[in-house]
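Peer 1: Here it is, the structure in full.
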Protein chains: 2
Amino acid sequence: MANISDVAKRAGVSAMTVSRVLNSSGYVKTETRKRVVRAMEDLNYIPSGLARSLIQQRTYTLALVVPDITNPFFTTVARGMEDVARKNGYRVVLTNTDEDTNKETEYVHMCATIRADGVLIAPTGDASVVNLQLLSQQSIPFVLIDREVGGLEADLVKGDMVGAARQLIEHLIELGHHRIAAITGPRNNAASRDRLQGYQWALTQHHLPLADELIKEAVMTRQVDGRFVAELLALPDPPTAIFTANNFQCARALASLRQLGQRVPEDISIVSFDNSDPLCIMEPFITAAIQPAYDFGSLGTQLLLERIEGIHTAPQRIVLEASIVHRKSTQRR
Amino acid sequence: MANISDVAKRAGVSAMTVSRVLNSSGYVKTETRKRVVRAMEDLNYIPSGLARSLIQQRTYTLALVVPDITNPFFTTVARGMEDVARKNGYRVVLTNTDEDTNKETEYVHMCATIRADGVLIAPTGDASVVNLQLLSQQSIPFVLIDREVGGLEADLVKGDMVGAARQLIEHLIELGHHRIAAITGPRNNAASRDRLQGYQWALTQHHLPLADELIKEAVMTRQVDGRFVAELLALPDPPTAIFTANNFQCARALASLRQLGQRVPEDISIVSFDNSDPLCIMEPFITAAIQPAYDFGSLGTQLLLERIEGIHTAPQRIVLEASIVHRKSTQRR
DNA sequence: CTGAAAGCGCTAACAC
DNA sequence: GTGTTAGCGCTTTCAG
């Protein structure tokens with residue numbers, strides 16, 4: 001692999017002149033430039049990003065740290081990030097924590113090792129605070145997406161999940177449901193807490209009782225426990241509607257319902273979050289709160305780039321509205 | 001951000017000793033080591049991967065270049081790659097070409113710039129050959145997955161798509177279908193060609209006519225043209241079954257059918273490739289050829305790592321069988 | 001067991 | 001316009 005002095009030698013100039021051509025900086029005689037360009041082509045020269053980054057103290061690399069790259073929500077975030085990053089001359093490195101705080105630690109460490117210029121991160125939970133501190137220590141700017149971390153002031157782009165959950169539940173209440181189950185994520189995760197809070201507020205405001213047995217705490221990944229639905233239906237006074245807090249929980253709930261011979265929405269209603277996977281247009285039937293995932297990525301990255309350029313100082317909080325999409329998974333009771 | 005000589009100074013040793021501790025290479029007195037470790041912790045020292053890679057001429061970074069990271073097939077490939085890479089001390093950088101050969105060129109260039117140690121790539125099509133040559137020029141090992149490139153000898157992991165498509169079509173034929181439509185990908189793409197070939201073989205072997213009007217050439221991404229199905233059904237002698245060549249084509253076909261009031265499988269049967277997205281377990285009803293996507297990633301990466309270590313020399317070809325999963329989208333005619 | 005010198009490939013700062 | 005020198009942060013090589 002040719003390096004800069006190979007090119008310089010072949011063009012009969014110094015390395016510095018080659019560097020100038022490379023960066024279109026400083027003056028280079030047109031004729032010299034041509035000779036240099038020719039030499040670069042002859043040698044298939046591609047400059048080393050490593051050497052460049054080492055001296056410039058800039059890698060033009062951003063990292064995206066998400067809990068599950070197979071979740072359509074996060075792949076959409078990734079696209080939003082990618083687009084903004086590319087437009088600004090940055091690369092993106094994707095990483096996947098599997099909702100595991102230790103893996104997250106590893107990846108955050110990696111971000112430091114590769115000297116990423118900034119990190120967009122959907123933290124696994126409140127325990128992520130140590131990982132974020134690591135980034136701060138290394139003075140790597142970061143922006144949180146989707147999830148806050150208890151007691152941490154930082155740039156953030158999230159959805160108004162309390163409000164969205166509340167609307168979903170109120171929709172059910174208006175349809176006459178008052179036994180509404182919730183399958184949500186773990187409580188050490190701010191996104192889950194918000195969604196559950198919206199659920200609780202709606203019930204409380206409408207003077208409906210909160211029943212512990214109607215709340216199931218599931219994981220946010222694909223490995224959602226399949227028994228929750230059966231347990232709910234086995235209750236003495238079973239729910240007539242189910243609220244699920246994400247893509248996977250909803251899919252699993254639907255599968256369980258089908259297995260148990262329950263029809264949606266005739267026998268039971270269901271609402272969810274983020275159920276927007278175009279792959280599932282085949283059954284576009286879940287009434288859901290759709291968050292603007294692409295904007296999470298693009299706005300988050302813009303914030304991050306501003307941080308990197310050192311433009312503003314006070315942490316910014318961007319809260320985006322979700323849109324409630326009424327489809328066919330709910331029915332009057 | 002602390003560097004190696006900061007640590008050295010604090011520990012009262014030379015940079016070299018710190019390096020030895022870092023790499024557990026050479027002898028360091030236990031006591032000295034302790035002092036060094038202490039200093040590293042005090043300073044939150046994280047060594048620069050840039051400087052390290054520059055001198056070692058190894059980045060321990062692999063790249064995965066796929067046409068669509070939102071396709072569950074490729075996210076599964078990514079997981080397979082990630083797992084093997086991590087186990088061997090390598091990082092993975094994911095990139096997304098959107099089935100666009102120019103974007104692919106950019107990303108391949110990026111692989112060279114960051115001095116990736118190797119590349120796993122599902123090429124966009126036959127035109128990708130120039131991109132692969134670029135890699136060869138830069139002596140960056142690569143392994144093809146899923147798709148061959150016309151006239152290029154290279155390491156490869158793919159599925160037996162001809163065979164799998166043939167089986168799917170034969171299944172339909174056995175059910176009494178003889179007007180079978182095919183919605184496949186572009187012909188400049190080896191994977192599409194294989195699938196179409198399997199379709200054609202099956203028909204030919206069973207002495208059924210090949211009808212051009214039954215073959216629709218779609219894109220492989222989400223943006224599948226929605227009119228194909230309507231066009232097929234508008235034919236004087238419309239098909240009684242449809243074969244789609246990937247996830248997105250199948251989803252779009254199903255949506256169109258539903259819109260047109262066609263029931264599956266009562267009115268029309270449908271079979272597909274790779275329809276294994278767990279998110280769609282809600283309607284697990286497509287009879288499909290499921291390729292071992294995870295193995296594409298893991299085996300491909302193993303091959304790649306062997307290449308990087310320079311273990312073997314003759315290009316290896318690994319062809320994996322798909323499993324035909326009979327579900328509920330087909331019916332006797 | 002530890003250190004000094006050199007250099008990976010590039011560019012910032014200064015000469016000429 | 002172009003070249004020289006120095007150094008980014010680390011490791012290799014060789015000395016001690």
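Peer 1: Quick test of your reading of the structure: A:ILE55 fulfils all but one of (1) more than 8 Å from DNA strand C (Cβ to nearest atom); (2) not in a loop (DSSP other than H, G, I, E, B). Name the failing condition by number.
Peer 2: Going through (1) more than 8 Å from DNA strand C (Cβ to nearest atom); (2) not in a loop (DSSP other than H, G, I, E, B) one by one, A:ILE55 breaks only (1).
Peer 1: Pick from A:GLU99, A:GLU106, A:GLU82: which is within 30 Å of A:ASP146 (Cα to Cα), more than 13 Å from chain B (Cβ to nearest Cβ) and more than 16 Å from DNA strand D (Cβ to nearest atom)?
Peer 2: After applying the criteria, what remains is A:GLU99.
Peer 1: If you don't mind, another one. State which residue is farthest from the other protein chains (Cβ to nearest Cβ) when the search covers only segment B:36-51 and only residues that are in a helix (DSSP H, G or I) and crowded, with 18+ Cβ neighbours inside 10 Å.
Peer 2: Checked segment B:36-51; the qualifying residue farthest from the other protein chains (Cβ to nearest Cβ) is B:VAL36.
Peer 1: In segment B:43-59, which residues are farther than 16 Å from A:ASN3 by Cα and hydroxyl-bearing (Ser, Thr, Tyr)?
Peer 2: B:TYR45, B:SER48, B:THR59
Peer 1: Please go through (1) within 20 Å of the chain's Cα centre (by Cα); (2) β-branched (Val, Ile, Thr); (3) in a helix (DSSP H, G or I) for A:ILE173 and return the number of the only condition it doesn't satisfy.
Peer 2: (1)
Peer 1: From the list A:VAL93, A:VAL119, exactly one residue is assigned to a strand (DSSP E or B) and at the interface with chain B (Cβ under 10 Å from one of its Cβ atoms). Which is it?
Peer 2: A:VAL93
Peer 1: I've got another one for you. Can you pull out every residue in segment B:62-90 that is hydrophobic (A, V, I, L, M, F, W, C) and assigned to a helix (DSSP H, G or I)?
Peer 2: If the condition is that a residue be hydrophobic (A, V, I, L, M, F, W, C) and assigned to a helix (DSSP H, G or I), then B:PHE73, B:PHE74, B:VAL77, B:ALA78, B:MET81, B:VAL84, B:ALA85 are the ones that fit.
Peer 1: So, one more: Within segment B:1-60, take every residue that is in contact with an Asp or Glu (Cβ under 8 Å, 6 or more places away or on another chain) and farther than 22 Å from A:LEU134 by Cα and give me the one that is nearest to DNA strand D (Cβ to nearest atom).
Peer 2: Taking the candidates together, the pick is B:ARG58.
Peer 1: If you don't mind, another one. When residues of segment B:222-252 are filtered for being more than 20 Å from B:GLY163 (Cβ to Cβ), at the interface with another protein chain (Cβ under 9 Å from one of its Cβ atoms) and not in a loop (DSSP other than H, G, I, E, B), how many remain?
Peer 2: 3
Peer 1: What about B:ASN71, is it on the phi < 0 side of the Ramachandran plot, at pLDDT below 95 and more than 8 Å from chain A (Cβ to nearest Cβ)?
Peer 2: Yes: the conditions hold for B:ASN71.
Peer 1: Out of everything in segment A:1-52 that is under 20 Å from B:GLU106 (Cβ atoms) and among the charged types (D, E, K, R), what residue ends up being farthest from DNA strand C (Cβ to nearest atom)?
Peer 2: Looking at the filtered set, the residue picked out is A:GLU41.
The values are calculated or read from the model by the stated rules, or taken from the named source; none is laboratory data. The shown structure was predicted, so the numbers you read here are calculated from the model rather than taken from an experiment. Virtual Cβ from ideal backbone geometry, glycine too; neighbours counted across all protein chains shown.
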